[in-house]
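Here is the structure we will look at, set down as structure tokens.
The values are calculated or read from the model by the stated rules, or taken from the named source; none is laboratory data. On a predicted model such as this, the values are computed, not experimentally measured, just so you know. With ideal geometry, Cβ positions are generated from the backbone for all residues, glycine too; neighbour counts draw on all protein chains shown.
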Amino acid sequence: MIFFLDFYFCLFRLMSPDNRKFVFVKTVLIFPCGSCIMIKVRFIFCRTRRKQECVGWMFSFRTMRGVRLLHKKRSRLSETIDMPSPDLVVIPMRQHIGAPCEPLVSAGDYVYAGQKIGDSSAFVSAPVHASVSGTVQKIDEILLASGEKTKCLVIASDGKNQLDPSIAPPVIRSSGDFAKAVRDAGIVGLGGAGFPTHVKLAYPNMEIVQTLYINLAECEPYITTDNREVFENVDGILDGIEMILKYTGIPKAVIVVERNKPLGTKILALRCSEYENIHIKVLGSKYPKGAEKVLVYEADGIIIGRGKLPADCGALVMNVSTVAAIAEYVKTGIPLISRRITLDGDLIAEPKNIRVALGTPISALLERYDVDTNRLRMLLTGGAMMGTCVIHTDTPIVKTTNAVLCFGNVYDRDNTPCIKCGRCIRSCPIKLSPALIEKAYDRRDASELLRLNVDLCINCGCCSYVCPAKRDLSHKNQLAKAFVKGAQSAASPASGEPKTPAAART
């Protein structure tokens, strides 16, 4: 017997003078069948602003697309230990998204820890500081883990780690001073992306931003650096949030955390109860909840459209470790010269969280903690899903390195032809079609790739993870994005051809 129940409930809440949210809840069908009841409830959100109307969306109780992973966070209870500075550090001039820095010192110069040694006049960039005191041996070029070639400074440490005498807490009187201080500190997104933080803080229409989202999802397997930040520096996190809210004028902050971090959630809940404008939102544990676009959608249903920034849609997203780094600099004046990383993998008997000086060669890290490099078959910087495979162990740790994973047992992927099962499509959080993208890339069909929205791919790796044919779909997506970018550059306006077809711009 089927009972149809159709009713509407409307709630109106005034969020702010520029933000009104209407929530319409509709219960559609109830099927009593024995002891099983299926209830379908849909939420339709529509947010409007007087000066902006950029979001309209639907959200249902069904879980977002993605994959469920064995998180393997063996180091979650490992207290952070400080690694002594190595004899030699290699400081790349590009550790961020944006323009690379140019060296400010020469070979033979003595530098202090925290001294600025590289900078750029470009707005989207971040200065680089010496992580140790010592002598600049040479200026060279190296290949980063990402495959990019960049200048670097090789510094021989004197073992003293003398701080630059000019270091002092910054004087901040305005939002402009605050953004400048964050830039002077060289702070970038420490979740792995490396976008310069001062660029977010200098958003020109900050009055439309209603929520600061603090990303504590940390959905990657193995990595526990953000979780340890909560255990060891919760005061720094909250101080950083308060500073950002104060100088940007954003009304509230929401700390977004996954359900699989109960201890960290309890710590935050206890402390956040002291604040009226800092809240916690607990989401289900599903990868890739930590991706910026996915996080704001899951937290509040906000869809960030093509070509838009989160701030354009009323959201500012920052990683929890980034926020703590801001507070540290404002209090002490010490710039970003070290960071916490997770050392894990099947070759690591005791996984640990380590604070290392930026520029430390991975080889020095492996030697310090007795990793058997003879058994090493795969070395990753970053997570198991989105990390980069490292070929040379002398690759340095940079601002975006949140983990070093060492594996001796590697599963050989013998791929077979696509069986058209559709799992890659069902798992994609951005709702792309990786199988079709692969075929279009194999044909080098730029128009078809644009139609398939390959440029929206967030490189989460879900498609490769679920593929039963073991296709390298995620890798093909990255190649396809690079191919389309090259095709757009080749089709310059001077040639009379548009860079992007009209269908792809909509």
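Per-structure values
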| item | result |
| --- | --- |
| Verdict on Glu79 being under 22 Å from Arg340 (Cα atoms) and not basic (Lys, Arg) | yes |
| Cβ-Cβ under 7 Å pairs, at least 6 apart or on other chains, segment 158-184 side over 15 Å from Lys331 (Cα atoms), far side in a helix (DSSP H, G or I) and of a type in the set (S, T, N, Q) | Ser175/Thr248 |
| Ile348 being at pLDDT 95 or above and out of contact with any Phe, Trp or Tyr (no Cβ under 6 Å at 6 or more places or on another chain) | no |
| Pair list, Cβ < 9 Å and 6+ apart or interchain, from segment 368-396 residues that are over 20 Å from Leu358 (Cβ atoms) to residues that are of a type in the set (D, E, K, R) and assigned to a loop (DSSP other than H, G, I, E, B) | Ala384/Lys72; Ala384/Glu220; Met385/Glu220; Met386/Glu220 |
| Criterion violated by Ile81 - all others in (1) under 20 Å from the mean Cα position of the chain (by Cα); (2) under 30 Å from Arg259 (Cα atoms); (3) β-branched (Val, Ile, Thr) satisfied | (1) |
| Matching entry among Gly186, Gly159, Gly147 (being closer than 18 Å to Ala324 by Cβ and in a loop (DSSP other than H, G, I, E, B)) | Gly186 |
| Test: residue in segment 55-65 that is modelled with pLDDT of 95 or more and buried (at least 19 other Cβ atoms within 10 Å of the Cβ) | no |
| Residue ID - surrounded by the most Cβ atoms within 10 Å (Cβ to Cβ), chosen from residues in segment 91-106 that are in a strand (DSSP E or B) and touching a Lys or Arg at 6+ places or on another chain (Cβ under 9 Å) | Pro92 |
| Selection from segment 193-218 of residues that are free of Cβ contacts under 8 Å to residues at least 12 places away in the same chain and under 24 Å from Val230 (Cβ atoms) | none |
| Test result for Thr400, within 30 Å of Arg74 (Cβ to Cβ), in contact (Cβ under 8 Å) with a residue 24 or more places away in the chain, hydroxyl-bearing (Ser, Thr, Tyr) and in a loop (DSSP other than H, G, I, E, B) | yes |
| Unmet criterion (only one of (1) assigned to a helix (DSSP H, G or I); (2) surrounded by fewer than 16 Cβ atoms within 10 Å (Cβ to Cβ); (3) at pLDDT 90 or above; (4) polar (S, T, N, Q)) for Ser489 | (3) |
